[in-house]
Structures are given as C-alpha cells and as structure tokens.
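Below is one structure, written out as structure tokens, with a few remarks after it.
The values are calculated or read from the model by the stated rules, or taken from the named source; none is laboratory data. Note that the structure is a prediction, hence the values are computed from the model and not measured. Here the Cβ is made from the backbone with ideal geometry for all residues, glycine too, and neighbour counts use every protein chain on show. With ligands, DNA and RNA removed, areas are computed over all heavy atoms of the protein, side chains included. Shrake-Rupley method; radii C 1.70, N 1.55, O 1.52, S 1.80 Å.
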Amino acid sequence: MPGSRRSLDPTHVVSVLRDDDRTEDERSRLVRLMELLTSLPDPPNAATLFPRFSALKDRFLAACDGNDGEGLEERFLELYAHLHMHEAPYTRRERRQMDATGGYWSHAGGLSPILKAGKWIRPETTSVDLGAGNGLQALLMQKLHPHALSCQIEISSAMVDIGRGLQDWLEIPEDQVEWRADDVLETPLGGWSFVYLYRPVRPSGPGLGFYRRLANALGREPGEVVVFSIADCLGGFLPETFDRFYTDGHLTCYRKPATGRPR
C-alpha cells in the first residue's frame, strides 16, 4: 500500500549496492543518507514545494525490497533531485542577473560531493556553498558531518527561505548555518576551509573577477582549504599551493595544506 512502509533495511541495501564503484565509507554514507530522507515526515509546504515527495519516497522504499542496485539508486536520485528543486523560484531581476553572468539555475550537483566530503569535513570546518539554491547539499553535509558553520550564499531570497525550512526539517541547529541572500559577484569572500561550487558564474566578463577574488582569498587562508568544484571553472585561477587530488570530469577537488601564515 502506498505510504504504508516507513523504513528500510540498511544491511540489505548495503548488500544490494555492493557492486557499485564507491569506497566502503562512501557507500556507508549513502545508506545513512537514504535512511535519513526516508525516516523524516514530509518537508515543510510539501504540497506546494515538494508535491511528489511522498510518492517518490514510497517508490524508493519499494525498490529497497528488491535486488536491483542500479534501479534502487535511480529511485533515490529521483527523490533527492525533487528535494533539490530543479525549477528554482527566481524573480525576473534574479533571472536576468543569472543569465547575464552565466550561472546555473539551481542544478543539482549530484550525490558524489556529499558522499566524498565526509573525509575532509571536521568539527572545526567552516564550509560554504557558492550559489546554494535551497541549500540541500550543504545541509546534508552538515547533517551527516556536523561542523562549526555552513555558509549558504544564494541570490534567490525565495530559495533561502525554502532552505531555512529544510534546515528546520533536518533538525540542524540555527547557529550551524549562515544564510546570505546575496549575489556571489558582490558578497565578501573568504574565511572558509571547505568550498563547494557548481559554476555559479561564467568564467568571463564579471565572472573573471569573481574567480580571481575567490582564488586569492582561498590562497591567503592560513589553514587547510579543500575545494569541491562541479563543472570546474575555478581550478585555473587557484595558486600553485593547491593540488588537484580528484577529478571524474564532473567533480574536481583541490587541497591547499595549512601554512600557518597570518592573513
């Protein structure tokens, strides 16, 4: 019966996913994420904002009873993408600004950054999502790996409001997330040790200044800095102190070791 099942068997799910190409730690995080999103009630204003959440959750949970790992993961990705919101509620002014700077309208970056981030996030980490949409990815990173602060920078004030609702839904303390309804071209940059971005602006025109400012700010950080960049436009601007340690053509990751120098 639809809606009748409210839990999954993590041992069985791990077994079904055993042939994927993830590390054991990443697979464990994925199952924790699956348990989290299926154990919660419907998110705030679900009828308006997430009308398919309940149906997609039931569809995923039904797949958890089978032995098709690819099908199970596909059902979960549908649920995740629905929560991420492909159709972001930007105003006309915000849409004009996004079009002018070549930003993406809240496209989901996928599960890979969330699952890989745990190795690099520590209790003292200060993270940022530049062009956060409704903030789901950074919120899930914060939920799976609680840390000092997640900064969410998003031009759409409506998306920020939705994100605050998701933060409450996920029961993340208010003081662990900073929300900025701001344009990444104008907001102050720096002070973060973990940076996530999905090409918030085109690397030309005004965007060149943004990537240069961001790269310079991160290079001046005295502590370790890790960058997760989707559709990477930042790497070419980072100083030589950053080493690229992972890329799959979609997600590219960089790390700068701590220098101990004051900024």
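Suppose we filter region 28-66 for residues that are without any contact (Cβ under 8 Å) to a residue 24 or more places away in the chain, open to solvent by 30 Å² or more (accessible area, probe 1.4 Å) and part of a helix (DSSP H, G or I); how many remain?
Of the residues in region 28-66, 4 are without any contact (Cβ under 8 Å) to a residue 24 or more places away in the chain, open to solvent by 30 Å² or more (accessible area, probe 1.4 Å) and part of a helix (DSSP H, G or I).
Within region 133-248, considering only strands (runs of 3 or more DSSP E) that don't extend past its boundaries, which have at least 1 residues that are open to solvent by 20 Å² or more (accessible area, probe 1.4 Å), without any contact (Cβ under 8 Å) to a residue 24 or more places away in the chain and within 28 Å of Ala81 (Cβ to Cβ)? Step through it out loud before you land on a result.
On the way: elements: 149-154, 177-181, 194-198, 225-230, 243-247.
Answer list for region 133-248: 243-247.
Considering each of Glu154, Glu70 in turn, give the residue that is at pLDDT 90 or above and within 30 Å of Thr23 (Cβ to Cβ). Spell out how you get there, then give the answer.
Details: Glu154 fails: within 30 Å of Thr23 (Cβ to Cβ).
From the options Glu154, Glu70, the qualifying one is Glu70.
How many residues does region 13-27 hold that are part of a helix (DSSP H, G or I) and surrounded by 14 or more Cβ atoms within 10 Å (Cβ to Cβ)? Walk me through how you get there before you give the answer.
Of all residues in region 13-27, those part of a helix (DSSP H, G or I) come to 13-16, 24-27.
Still in the list and also surrounded by 14 or more Cβ atoms within 10 Å (Cβ to Cβ): 13-14, 16, 26-27.
Here the count works out to 5.
Anything in region 219-238 that is within 12 Å of Cys253 (Cα to Cα), in contact with a Lys or Arg (Cβ under 7 Å, 6 or more places away or on another chain) and not hydrophobic (A, V, I, L, M, F, W, C)? List them, or say none.
The answer is Gly235, and nothing else.
Which of the numbered conditions does Glu78 fail, given that it passes all the others? Conditions: (1) crowded, with 19+ Cβ neighbours inside 10 Å; (2) over 24 Å from Phe194 (Cβ atoms); (3) at pLDDT below 95.
(1)
In region 89-132, what residues are in contact with a Gly (Cβ under 8 Å, 6 or more places away or on another chain), open to solvent by less than 20 Å² (accessible area, probe 1.4 Å) and either over 26 Å from Pro44 (Cα atoms) or modelled with pLDDT under 50 (or both)?
Thr101, Gly102, Gly103, Ser106
Could you check, for region 214-228, whether at least one of its residues is in contact with a helix residue (DSSP H, G or I) (Cβ under 9 Å, 6 or more places away or on another chain) and charged (D, E, K, R)?
no
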